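The values are calculated or read from the model by the stated rules, or taken from the named source; none is laboratory data. Since the model is a prediction, treat every value here as computed from it, not as a measurement. Cβ placement follows ideal geometry from the backbone for every residue including glycine, while neighbour counts extend to all protein chains displayed. Keep in mind that these areas ignore ligands, DNA and RNA; they rest on the heavy atoms of the full protein, side chains included. Shrake-Rupley method; radii C 1.70, N 1.55, O 1.52, S 1.80 Å.
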2 protein chains.
Amino acid sequence: MNTNESGGSGVIGATKTSFGIVEHLRDEGASGVSDVAIALGISKSTAHNHLQTLLRLGYVVQVDGEYALGLKFLDLGDHARTRHALYHASIGEMDDLVDAVGERGQVMVEENGRGVYIYQVKSEQGLQTDSHIGTTVDLHTTAVGKSYLAFCDEQHRNEILGDDLPQLTSKTIDDRAELDAELDAIRERGHAFNDEERITGMRAVGAPILSDDETILGSISVSGPTTRMKGEWYHSEVPEMVKQAARVIGIRATYS
Amino acid sequence: MNTNESGGSGVIGATKTSFGIVEHLRDEGASGVSDVAIALGISKSTAHNHLQTLLRLGYVVQVDGEYALGLKFLDLGDHARTRHALYHASIGEMDDLVDAVGERGQVMVEENGRGVYIYQVKSEQGLQTDSHIGTTVDLHTTAVGKSYLAFCDEQHRNEILGDDLPQLTSKTIDDRAELDAELDAIRERGHAFNDEERITGMRAVGAPILSDDETILGSISVSGPTTRMKGEWYHSEVPEMVKQAARVIGIRATYS
DNA sequence: GTGTTTTGTTCGGCAGTGCCGAACACATGT
DNA sequence: ACATGTGTTCGGCACTGCCGAACAAAACAC
């Protein structure tokens, strides 16, 4: 009998459990054989086999007798984001934008219906970053995400936004009609706001990155605490800076 | 008969080929099924199975009908380096060091006998970075690597340095006795130089990061072209700055 | 336009192998 | 000394990963 109940047809079980182990090490940190076996519901010997395999391939390392993620994943991750023209195009420009605004900035692309941060610039006043490179977010809860949704084609948008919209804070837009209205406004203005819709106390301003043929590549935003992101600064000046940076990045991304 | 000739005993073949495919996508970029099958020497149907599995797990994405690395690896890579106390400890300090010196800086740890860059700060004059996050280097060809070798225990050093030392440039130290002498000097001074030993035209100054119990955690360096890295500046002033930064990082790494 | 090649996909079927459980060392702590 | 945890090794069964062939569907030729 197959213990890998879900997964449908044609899914290789061994690969699935190997990556399951990898994800366990990511979420729980360094672990031992027994720990992994219990967590994944597999036998100790199987867990041992997989860990030894991953060890030999160099994707897992042994530290203090426990197994942990190896740095080979760093290289893979770097290659994954290097694929995106948006990454190269935004590097210098985002740093300038963050300097000018004084708040944290990030670059997002969409993958499998979620937003993924592929670049992040911390500001001078560097506050604790809850999100890091590789973090995924619900698109409808962020300025970057809403910028993306507003400018991607409708069919794609409908695929991404499932039946219900998770509510993360009291201000999260969890109604589809309301979201559509918001997206219309964003399309109109050319930039998006996030007013504590993902994290209470945090605001952000985002804008889409469009290539010259109007297809969307991703989006950028700057974000900071409500104490600093407010007034005319937040509502007018920052949006203009973000949009200007987005335009430059869009141009750089198409010619490269 | 087993087509996975190498690998020894207890190595799960399916996992090995899955990661082989991942590495192919990393090295060759987005590829199709046939391409992968030929490159790995497996049947088309097997390649198809693996790619579908990886696709469903989210580690591979489809773009223009071809398969490419997914951004899930970004997250894994980030978690892998977050494990190292050295990463957190060096973030702010390295930025300051790079500001002061005006050349690129990097943080390295050792894994499986090679040096891996886990953090890198580009300088103002930002020149093309041949190396990026996750890059691995031969330890004896870099300032960071030699700093590490000089301060790790002898047994470990002998394991790392195999029988021969690859020569990358005409100035690479490829003789073990010569290297040992160099390491003695580094231990004496507390810092290492790299004078075009990995890349012609590039120099670097490195220093080890030691925790308070004298165990080595990794090392740091700043590097730039020979045109700027020269004279008293290169031989005395920069080393002092690097060592000072290394001391601070070492202290921060132990108390965190 | 037709033919040709290369692509991705689906389909049985054999054998190889991944999986388990039990038995084994080894360390840790009571 | 015992008890409980750990990681490891060992057979053996049945499942499953692998192949090759047949298929579908583009891309390319001319």
Just counting partner chain Cβ atoms within 10 Å, what average do the residues of peptide A:18-27 show around their Cβ? 4
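Do any of A:122/A:230; B:72/B:146; B:146/B:171; A:122/A:243; A:72/A:122 go past 22 Å between their Cα atoms, and which? The partial results should precede the final answer.
Details: A:122/A:230 19 Å; B:72/B:146 33 Å; B:146/B:171 14 Å; A:122/A:243 19 Å; A:72/A:122 25 Å.
Those over the limit are B:72/B:146; A:72/A:122.
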Length-normalised contact order of the stretch B:77-254 in % [C-alpha pairs under 8 Å, at least 6 apart]: 24
Would you mind listing the distances between the residue B:237 label point and the same position in each other copy? Use 7 Å along Cα-to-C-beta, nm, one decimal, shortest first. 3.7
Between B and A, buried accessible area summed over both sides at probe 1.4 Å, in Å² to the nearest 100? 4600
So, in nm, how far is label residue B:88 from label residue A:185 when the simple model puts each one 7 Å beyond its Cα toward the Cβ? 3.9
Just checking the output field for A:46-58: average partner chain Cβ neighbours within 10 Å of each residue's Cβ? 4
Send over the per residue convex hull volume for the stretch B:13-70, Cα only, as a whole number of Å³. 66
Test of understanding: extend the Cα→C-beta vector of residue A:195 to 7 Å, then name every residue of the stretch A:106-136 with backbone N under 11 Å from that spot. none
Above 16 Å lies some portion of the pair distances; for the stretch A:72-180, what is it as a whole percent of all C-alpha pairs? 64
Over chain B, the sum of -39500 (n - 2.57) across DSSP H runs of at least four, divided by residue number and rounded to 500 deg cm²/dmol, gives at 222 nm -14000 deg cm²/dmol
Taking the Cα centre of chain A as origin, work out the dipole magnitude from +1 charges on Lys and Arg Cβ and -1 charges on Asp and Glu Cβ, in debye rounded to 20. 760
List the GluC sites (Glu not before Pro) within the stretch B:80-158 that fall in a DSSP loop (any state other than H, G, I, E or B) and whose Cβ has at most 14 other Cβ atoms within 10 Å. B:124
State, to one decimal in nm and shortest first, how far the label point of residue B:63 sits from each corresponding label point in the other identical copies (label point: 7 angstrom along Cα-to-Cβ). 3.0
Percent of alpha carbon pairs in the protein assembly as shown separated by more than 38 Å? 33
Along its three principal axes, how long is the stretch A:77-254 when you only count alpha carbons? Whole Å, largest extent first please. 38, 37, 31
Other copies of residue A:166: label-to-label distances in nm, shortest first, labels 7 Å along the beta-carbon direction: 4.2
What's the magnitude of the charge dipole for the protein assembly as shown around its Cα centre, counting Lys and Arg as +1 and Asp and Glu as -1 at the beta-carbon? Answer in Debye, nearest 20. 460
Which residue, chosen from B:37, B:15, B:67, occupies the Cα position most advanced towards the positive end of the dipole of the stretch B:13-70, where the dipole is computed from +1 (Lys, Arg) and -1 (Asp, Glu) charges on Cβ about the Cα centre? B:15
